[in-house]
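The values are calculated or read from the model by the stated rules, or taken from the named source; none is laboratory data. Worth saying up front: this structure is predicted, and the values here are computed from it rather than measured. Each accessible area value is taken on the protein alone, full model and side chains, heavy atoms only, with ligands, DNA and RNA left out. Shrake-Rupley method; radii C 1.70, N 1.55, O 1.52, S 1.80 Å.
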Amino acid sequence: MNHRILWLLAMCAIWTTTVASPAFAASDNANAAARKFDHAELFGGTSTGQKKAGGSTKGALVFDTEKKIIEFEAQKGSEVVSIPYAQVKSLLYEQASKPRYTEAVLISPMFLLAHSKKHYLTIQYTDANGTGQYAIVQLDKKNAQQAVAAAQAETGKNVERAEEK
């Protein structure tokens, strides 16, 4: 009986060192090269930094350390925006809250007392022609703080924080 337990422990140790450790190391290297924040939404910005009335694109915000670029990847996998770190002029993080009117009408008037918060990261940058551009990204509330920290760490730019009034 003791031989079976020792054999099982030896096999587990061999599997861990030959299969599991390299797989975990490879995934750590991929994460170190790029930080990806899912459940984001990109809005096209006007020249003054306001959201356009047009549509938006859902996807993921990616900070690629090796290429030194910020990318927004659409859910279908295609790249929508690519911004080199050197072209980033400023970063602005803000929270916007609004009353929950729909829930108040459908469920209970008590929802008027609760406000939903949206998290936005505005990236001001210059494009290849030297023209000033804005990318406004709505972040998921679960990873908004990590995305803001990554933006500051990767680009070396201080992130301004707008206070809600």
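Which of the residue pairs K68/K117; K67/K118; K76/K157; K36/K141 have a Cα-Cα distance greater than 25 Å in the structure shown? Numbers along the way, then the final one.
Details: K68/K117 30 Å; K67/K118 29 Å; K76/K157 30 Å; K36/K141 15 Å.
Too far apart for the 25 Å limit: K68/K117; K67/K118; K76/K157.
For the residues E41, E79, a 1.4 Å probe over the protein chains yields an accessible-area ranking, largest first, of E79, E41.
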